Amino acid sequence: MILIVCEGKNTEPSYFKQFRISSAIVKSIGEGYNTISLVKRAKQLAKRKKYDQIWCVFDADPKLDNTKQAQNFNNAIKLAEKHKFGIAYSNQAFEYWLILHLDDHQGGAMKG
């Protein structure tokens with residue numbers, strides 16, 4: 001059984017449910033959790049049930065200008081590794097990553 005914990009309530013769960021993997025459980029934690037809080041929430045969920053794999057999925061601001069944000073991001077990665085969780089993050093936004101499935105976009109302005 002695979003647990004996938006993600007920030008968004010719509011986009012990410014919809015994406016992962018398209019894989020039709022019956023052993024994957026997608027938990028949307030769309031409650032404003034930051035990266036480190038999301039990993040901590042995954043840890044709580046992991047205590048309730050035995051999973052073969054646990055993944056945390058979140059957006060990462062490509063600039064990480066805010067020192068606190070960069071620190072949270074790095075600490076989330078370390079905490080996930082400590083608990084042997086997988087981490088998947090999109091650099092900008094998950095929605096942008098989905099667009100790249102359909103269009104070879106090079107990061108400039110997008111057509112309307």
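If R0 is 35 Å, the Cβ-Cβ spacing of Thr67 and Ile21 corresponds to a FRET efficiency of close to 0.40. Residues whose amide H lies under 5 Å from that of Lys27, counting only those 5 or more places away or on a different chain, are Ile4, Val5, Cys6; hydrogens are built 1.01 Å from N in the peptide plane. Taking each residue as 0.36 nm, the span from Lys49 to Ala88 lengthens on full extension beyond its C-alpha to C-alpha distance by 11.9 nm.
Each peptide among 51-57, 18-24, 3-9, 71-77 gets the average number of other Cβ atoms lying within 10 Å of its residues, and from highest to lowest they stand as 3-9, 51-57, 71-77, 18-24. Local charge for Val26 was computed over the other residues whose Cβ lies under 13 Å away, with Lys and Arg +1 and Asp and Glu -1, and equals +2.
Any read-out appearing in this document is the output of simple, stated calculations on the displayed coordinates, not a laboratory observation. Just so we're clear, the structure is a prediction, and the values are computed from it rather than from any experiment. With ideal geometry, Cβ positions are generated from the backbone for all residues, glycine too; neighbour counts draw on all protein chains shown.
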